[in-house]
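Only the coordinates and a few stated rules stand behind these numbers; no lab work does. In this text, all values refer to a predicted model and were calculated from it rather than measured experimentally. Virtual Cβ from ideal backbone geometry, glycine too; neighbours counted across all protein chains shown.
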């Protein structure tokens, strides 16, 4: 009987400790660049399991999020696809300057669902296609990188009439995936686990590195969940997930 009572008391103590450990669990609202959709979902799940906090993710173009944040959108953390917008937010007093860091370095890919179709830059030079999907270069850094690549190859003016413009990298991917464009510029991370079709990983010398910065927004400055999420993003578990999706890491973090 005493053994049973001791076991029950221990079980109650464990339950109380677990509840106490989760008592401060909270939500953090995170604006996430569309190219980082899959890894962000996986990181959020790992973060919740480890901390008890829930990361509520919203996905879209970095440009759209920047505009929304300047108009008082309720985001607490911003994972951009570039460095410029997080820096501007910090410079304008809408983000915590010392919180900004590069969480991933993206890679641009020319992709088609057709096996053997993409054969490097010669595919673009052959001009044997009707539609080329890219995301809006004004709002999305991957679209800017695509334009920069085409300018480096001196193909921008000739191929511009063939553009199918996506609002963000997710829509640019969908245009190719649904056959509305024969090929398109997408993020390497979007092709993780996708062994079909054909692709060309664009050489880095053709466009500026896509350094993607995270920043704590002023609306999250007093949120322990927001701070914990950014700290988790810097940690080994999150970094392993980021690498798994084809991103390079900034060694200075």
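Which value in nm describes the separation of the simple spin-label points at residue 151 and residue 87, placed 7 Å from the Cα toward the beta carbon?
1.7
Of the residues 221, 55, 95, which exhibits the maximal mean-square fluctuation in a Gaussian network model of the chain defined by a 10 Å Cα contact cut-off?
221
At a Förster radius of 25 Å, what calculated FRET efficiency corresponds to the Cβ-Cβ distance of residue 58 and residue 208, to the nearest 0.05?
Efficiency computed from Cβ-Cβ geometry: 0.45.
Could you work out the helix-only [θ] at 222 nm for the chain, with each DSSP H run of four or more residues adding -39,500 (n - 2.57) and the total divided by the number of residues, to the nearest 500 deg cm²/dmol?
-12000 deg cm²/dmol
Using per-residue counts of other Cβ atoms within 10 Å, averaged over each peptide, order 177-183, 214-220 from highest down.
214-220, 177-183
With axes computed from alpha carbons, what is the tilt in degrees of helix 224-234 against the longest principal axis of the chain, rounded to the nearest 10 within 0 to 90?
The helix 224-234 is inclined about 50 degrees to the chain.
According to a simple spin-label model (label point 7 Å from Cα along Cα-to-Cβ), what is the distance in nm between residue 119 and residue 158?
1.7
By how many degrees, 0 to 90 and rounded to 10, does the Cα axis of helix 2-22 deviate from the longest principal axis of the chain?
Helix 2-22 and the main axis of the chain meet at about 40 degrees.
For Kirkwood radius over Cα pairs in Å, the choices are (1) 20.3; (2) 19.6; (3) 19.1; which was calculated from the structure?
This structure yields the entry labelled (2).
Nearest 5 percent is fine: what portion of the DSSP beta bridges confined to the stretch 106-253 is antiparallel? Intermediate results must be reported in sequence, preceding the final value.
Numbers: 9 of 16 bridges.
Roughly 55 percent of the DSSP beta bridges within the stretch 106-253 come out antiparallel.
Would you mind calculating the relative contact order of the stretch 108-201 from Cα pairs under 8 angstrom and at least 6 residues apart, reporting the percent as a whole number?
On the way: 173 pairs, mean separation 47.0, N = 94.
In percent, rounded to a whole number, it is 50.
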